[in-house]
Amino acid sequence: MTDSFISIRNLYKIFGPNSSAMISRAKSGMHKADMLKEFGHVLGLRNINIEIKKGEITVIMGLSGSGKSTLIRHLNRLIDPTSGEVIVNGTDILKLDRLQLLQLRRTQMSMVFQKFALLPHETVLTNAGMPCSVRGDDRRVIDKSAREWLHRVGLSGAEALYPHQLSGGMQQRVGLARALTSNSELMLMDEAYSALDPLIRSSMQDLLLELQEDLQKTIVFITHDLDEALKIADHLVILKDGEIVQQGEPQHILLNPADPYIEDFVSDINRARVLRVRSVMTETISGSTDLELLDGDENLEAAILRSKGEAGKTFAVHTAGQQVGTLKMTDVLKALVPAARRSNPSNAE
Amino acid sequence: MTLDELVSKAGGGEAEVEAIPFPSLDVLHKACGSIPRTRDMTAGLERLFLDVKDPIKVVLDPLTQPLSWALRNAIETMQSLPWWAAIIILVLIAQLAGRRVGVTLFVLASFLGLAFIDHFAYAMQTLAIILVCTLICVLIGVPIGIAMSRSNVLERWLTPMLDMLQTLPTFVYLIPLIFLFSVTEPKLYGIAIILYAIVPAIRLTNLGIRLVDADVLEAADAFGMTSRQKLLRVQLPLALPNIMAGINQTIMLSLSMVVIASLVSAPGLGTLVLRGINKLELGVGLVAGLGIVILAIVLDRVSRAALQRVNKMHQPGA
């Protein structure tokens, strides 16, 4: 775990007037609903442990009320935990005093918000430069880097406009540029794309992935949309009622859901488009050279297309010019059916 | 039954109807001489006020002296300006504040009209008082409003006081002030106007800051703004439309008070109204009243045009 940029350990958050007294009850396993009914306290988060690796996109997914927005606000201490530790880049941020915390927020992290949260009375350029002007950087330096990042997110020419003159998608581009201008390692994105319509959301996801290829930032992304989570996640954390139900590589979660809740969650997605060849292949390397080649990062849809409907076909899977395994089309077909339905065929609709 | 019996019966009935009197101070005094009468109570209150008057005056006099000075100077300056210079300056101010040609032309016509019926000097005195009092209301009221928006305790304590200031009949302000300050001093009416007109400036500053979008404030926190940066860069600019609405109200309340304040020697159009009442000069009173209406419309339209200009910068799609 040496490459962890953020470690969240044994984190609990309870909302209510006497939250510290409730901790022991939460630790001994009292349910969220019981605690609300008997003591009037809301159990926000229970025993959260996450290692967030440098340069990866960690997606925290859950339905509304699952505690995901509460969790991300612990990373910059917009919310203080009831118990537990949050370690960012080697420092326990719960031990910081007010000034150190300001410094942390100014230099180490930036945030993108669901409702954009731009300053309505300042221009796009000033908004994008806000993190730097808060730190008190030189005016010309701020404008230069704000212009650069606005250009990177595709907003050249909009510098002098005010936020309300832009569409929602463009406003969120300003929000993204603002986060990038701060030039910090960690980017927190709180349902950043949830307020956008599907087409714009998809193009914003592409923009984020494209930027990430160059920048290799550490990104924590909150969403309630599984398709979005699977598209951008390197590491996926699924929350339910303030607890982690499962976390790991998205492909792994898809193929091995830990419990019925997740099975239910993943049952409606287009598996052919999300699953990659490398997650389904067998790692046997056949010597024969007459097999057709297939890239391990292709999705199953591409493999099905390439097979032209032949169920008996086998491909040699390559990654970076090296053969890493073989893919039988029969495995592809099996992988397309969720595990739950495979073991219990009568459930299939 | 005889008539006598009937009469005595009726008389007995009357005696029963005669109610027990409410045990007020005056009634209790009749029964026991050591209980004070209501008259004594009001007299006592007056004595109490007269006793604490001098120490209060020692503190308040120097504190409020700049107000007298500002009012006297503002009135003198306004009157020493030649009529054309005064009109040009006022029209320029209207144009800069509102940026609306229609409003500016209306201001020009109003002042020319007031000058034509020889009420210009009176109007300038009234205007000078209003400008000084509004400025002071903003300088004091906005910081109080900011403090109030930051502390729920302060808000709980101040709200009833503001309610009281707004509902007390305006004449009641004048009574203790007459005891405290001499009637020849401008600060007497200055304080009365400010106490009455400051309320909306405080209230709407508080409201405006409390209504600032929580998401934007959270963003300000997430990027590490200090509370000072938040106030100057987020809260005050976003509350500006509400603060401006408060200032508009303050101006209108100052105008209504400045007329009443003519009872305690405030110069201006109000003195003419007072003359109309005292000497039953109907025409004088009515024309001066009309002048006040014109002044009110001018002040309202200009400050409202300024408010709309600010709103336009903030509101999407406006």
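Bear in mind that the values in this text are calculations on the coordinates, not laboratory data. Note that the structure is a prediction, hence the values are computed from the model and not measured. Every residue, glycine among them, receives a Cβ derived from its backbone with ideal geometry; neighbour counts consider all protein chains shown.
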Restricting attention to the range B:28-121, which trypsin sites (Lys or Arg not before Pro) occupy a DSSP loop and are surrounded by at most 16 other Cβ atoms within 10 Å? B:R37, B:R99
Under the 7 Å Cα-to-Cβ spin-label approximation, B:K30 and A:L333 lie apart by a distance in nanometres of 11.2
Within chain A, excluding any trypsin sites (Lys or Arg not before Pro) found in a DSSP loop (not H, G, I, E or B) and having at most 15 other Cβ atoms within 10 Å, the longest uninterrupted segment runs A:55-307
Over all residues in A:102-113, what is the mean tally of Cβ atoms on other chains that come within 10 Å of each residue's Cβ? 3
Label model pair A:T319, A:E85: point-to-point distance (7 angstrom along the Cα→beta-carbon line) in nm is 3.2
If the chain between A:N49 and A:Q165 were fully stretched, how many nm would it gain, using 0.36 nm times the residue separation less the Cα-Cα distance? 37.6 nm
Calculated FRET value between B:A19 and B:I140, using beta carbons and R₀ = 51 Å, to 0.05: 0.45
Taking beta carbons within 10 Å but only from partner chains, what does the mean come to for residues A:160-166? 2
Amide H partners (placed H, <5 Å) of A:F221, local residues excluded: A:T58, A:V59, A:I60, A:M189
If I stretch the segment between A:R98 and A:E249 completely, what's the gain in nm (0.36 nm per residue apart, minus their alpha carbon distance), one decimal? 50.7 nm
To the nearest 0.05, how large is the calculated FRET efficiency for B:I88 and B:R210 if R₀ is 60 Å and r is the Cβ-Cβ distance? 0.90
Please state the relative contact order of the range A:94-232 as a whole percent: Cα pairs under 8 Å, 6+ residues apart? 31
According to a simple spin-label model (label point 7 Å from Cα along Cα-to-Cβ), what is the distance in nm between A:S28 and B:L282? 8.9
Nearest-0.05 FRET efficiency for A:N270 and A:E310, computed from C-beta distance (R0 30 Å): 0.85
Measure out, as a whole number of angstrom, how far apart the alpha-carbon centroids of the range B:197-237 and the range B:139-175 sit. 19
